[in-house]
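No value in this document is a laboratory result; all are computed from the given coordinates. Owing to the predicted nature of the structure, the values given are computational and were not obtained by experimental measurement. Cβ coordinates were reconstructed from backbone atoms using ideal geometry, including for glycine residues, and neighbour counts include every protein chain displayed.
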Amino acid sequence: MRKASVPWLLSAALVLAPVVSAQAETSIACEYMLMRVYHAELDICRVPLAKDREARYQRLRSSLEQFIRTHAKNDPEKIISGIETDNIKRALEGLKSCKSDDFKFATQAMDQITSPAHEKMVQGTLGVARDPMSGACSS
């Protein structure tokens with residue numbers, strides 16, 4: 001995952017309120033990957049989410065994983081474990097410091113991702129069965 005593409009991907013993922021637009025723009029697997037990467041960056045910098053935001057993160061993570069397991073055309077466990085072993089590892093290796101612009105961006109992104117409005121939007125998109133890999137996401 002190139003860091004230069006992350007802001008565009010996140011803005012696409014967060015701005016899309018209608019189900020059809022979200023479906024057409026950002027893949028569920030991409031949304032899941034971004035959320036996991038940003039959370040890992042917060043963890044490594046020892047910046048916990050507020051209790052309510054962590055609860056939303058855990059619900060979203062569980063819902064996205066279940067969607068991937070239910071709808072993936074290829075091995076869903078490979079998709080999920082690949083995010084863990086590849087994307088998160090690369091992101092943490094590329095994190096220059098916990099004071100970097102990348103980390104500040106991750107913090108802001110997690111604030112948006114774990115908002116009640118975003119959780120509601122994601123839950124709405126999960127009501128539409130489709131391949132979780134379909135949609136935009138650059139690596």
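Just a few scattered comments:
- Peptide packing: for 33-39, 64-70, the average count of neighbouring Cβ atoms within 10 Å per residue gives the ranking 33-39, 64-70, highest mean first.
- q = 0.27, 0.28 Å⁻¹, region 90-139: log10 I(q)/I(0) [Debye, one scatterer per Cα]: -1.01, -1.02
- Cross-link table Lys78/Lys99; Lys51/Lys73; Lys78/Lys104; Lys51/Lys104, entries beyond 27 Å C-alpha to C-alpha: Lys78/Lys99; Lys51/Lys73; Lys78/Lys104
- Extent along the principal axes, Cα only, for region 38-119: 39, 30, 16 Å, with the longest axis given first.
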